[in-house]
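One structure is given here, and the rest of the page talks about it.
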Amino acid sequence: MALIKCPECQYDVSDKAAFCLKCGYPFQTKKTSKTPENPVPYSRFKEVNDKNKVLMEENSKLKEKIKESIKKGE
């Protein structure tokens, strides 16, 4: 397995990946019998990824608030 850069976000991804795990960018893969007839569209991956980014940002902000509260002794 080799790592390649996603052309969309430059994230390191396996050369066997069907899509980027960070941004959802689809990679061209060889058609095999394991490939579903109706794959999930890129827009759906992007939608889920965007929601995950928002949740991760909110989580980071909450962690920072907790750290500040601990430092202040609250």
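Every number in this text was worked out from the coordinates using simple rules, so none of it is lab data. A quick note: this is a predicted structure, and the numbers were derived from the prediction, not measured.
Given H placed on each backbone N at 1.01 Å, which residues far from Tyr11 in sequence or on other chains put an amide H within less than 5 Å of it?
Sorted by chain and number, the residues that satisfy this are Cys6.
Need the full-extension length gain, Ser60 to Val48, defined as separation in residues times 0.36 nm minus the C-alpha distance. One decimal, nm.
Values: separation 12, 0.36 × 12 = 4.32 nm, distance 1.84 nm.
Between Ser60 and Val48, full extension yields 2.5 nm more.
Taking H placed 1.01 Å from N in the peptide plane, check which residues at least 5 places from Phe27 or on another chain put their amide H under 5 Å from its amide H.
Excluding prolines and chain starts, which carry no amide H, the hits are Phe19, Cys20.
Which ³J(HN,Hα) values, rounded to whole Hz and listed in residue order, are derived for the range 52-63 from phi using the Karplus coefficients 6.51, -1.76 and 1.60 in 6.51 cos²θ - 1.76 cosθ + 1.60 with θ = phi - 60°, glycine and proline given as x?
Ordered by residue, 3J(HN,Hα) equals 4, 4, 4, 5, 5, 5, 4, 4, 5, 5, 5, 4 Hz.
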